[in-house]
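The next block holds one structure in the form of structure tokens; read it before the comments.
Every number in this text was worked out from the coordinates using simple rules, so none of it is lab data. A quick note: this is a predicted structure, and the numbers were derived from the prediction, not measured. Every residue, glycine among them, receives a Cβ derived from its backbone with ideal geometry; neighbour counts consider all protein chains shown.
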Amino acid sequence: MTLHILNRSAFSSATPDDALRAAVPGDALVLVEDGVYCALDARWCASLPLDVAVYVLSEDLEARGLGARTDARVQTVTVDDFVELTATHSQSISWF
Amino acid sequence: MKYTLIVYGAPYSSQAAHSALRFARALPGLGHTVATVFFYHDGVYNASTLITPPQDEPHLNQAWADLKTTQGCELLVCVAAALKRGVMNDAEARRHGGEVHNLGEPFELTGVGQLLASAQSSDRTVTFAP
């Protein structure tokens, strides 16, 4: 299982779409830095595969004033949770 | 678990170095350790001892040095990426006829082979890019 780490906004980059195309069932995806904007993008969130868990880093959301505006498909996590996601997945890919 | 972190982002240009530090600082509390931080591409600028931010901003060069003090990790800098960007230690400066250098302890100039060795001896490798 791969953890996909995404730091680009779907509003300004095609990278988030590339990451979704590369994810296979059982993978997880975590939105960090400007990647947190993906959690507000209805088009991108509608294209999420059902069998890929998607997380967003709360600290980066809060830093951008986006606390309570995320899509229901996306689960908010702490930095500690992010670390544990890298531990529970055998490998990670950073998309940028 | 043992971690290797790769930093591609230049200091103050992107969030990469800050994200990597935040990640590294969270590791011990969860029973993990950072074994190696490898600075590559524009990430090599993190190793410049000439970094002088305003006093109310994080001092990234110092923050990496503090990380080595607290966690005992290696701070490895890709020599090829560093030299062409003007980041070098005393020995490389002399070799190339220069009189000044801006890299020293606790940072080390190494080759990419060292990154592969670190990744192989770590349980996890995580990349922080701009």
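Computed values, structure above
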{"quantity": "Karplus-derived 3J(HN,Hα), 6.51/-1.76/1.60, for each residue of region A:40-53, Hz, glycine and proline x", "calculated": "9, 8, 4, 4, 5, 5, 5, 8, 5, x, 5, 9, 10, 6"}
{"quantity": "Rounded FRET efficiency, nearest 0.05, which uses the C-beta distance separating A:Met1 from B:Asp56 and R0 of 30 Å", "calculated": "0.10"}
{"quantity": "Between region A:20-37 and region A:38-96, the alpha-carbon center distance in angstrom", "calculated": "7"}
{"quantity": "Cα-based helix-to-principal-axis angle, B:112-121 vs chain B, degrees rounded to 10", "calculated": "20"}
{"quantity": "Among B:Ala20, B:Ala35, B:Ala63: highest mean-square fluctuation, GNM of chain B, C-alpha pairs under 10 Å", "calculated": "B:Ala63"}
{"quantity": "With Cα atoms, 0 to 90° folded angle of helix B:60-71 axis to chain B main axis", "calculated": "50"}
{"quantity": "Ranked list, fewest to most other Cβ atoms within 10 Å of each Cβ, for A:Thr86, B:Thr4", "calculated": "A:Thr86, B:Thr4"}
{"quantity": "Distance (nanometres) between label positions extended 7 Å along Cα→Cβ at A:Glu62 and A:Gln91", "calculated": "3.4"}
{"quantity": "Degrees, to the nearest 10: B:16-26 long Cα axis against longest axis of chain B", "calculated": "40"}
{"quantity": "Under-5 Å amide H pairs with B:Ile6, H placed in peptide plane, nonlocal only", "calculated": "B:Phe38, B:Val126, B:Thr127, B:Phe128"}
{"quantity": "For region B:6-32 versus region B:61-128, the gap between their alpha-carbon centres in whole angstrom", "calculated": "16"}
{"quantity": "Amide H contacts under 5 Å for B:Thr110, placed H, 5+ residues apart", "calculated": "B:Val77, B:Cys78, B:Val79"}
{"quantity": "Cβ-based exposure ranking for A:Val79, B:Val87, in which fewest neighbours within 10 Å come first", "calculated": "A:Val79, B:Val87"}
{"quantity": "Qualifying GluC sites (Glu not before Pro) for region B:60-130 [loop in DSSP, other Cβ within 10 Å: at most 10]", "calculated": "B:Glu99"}
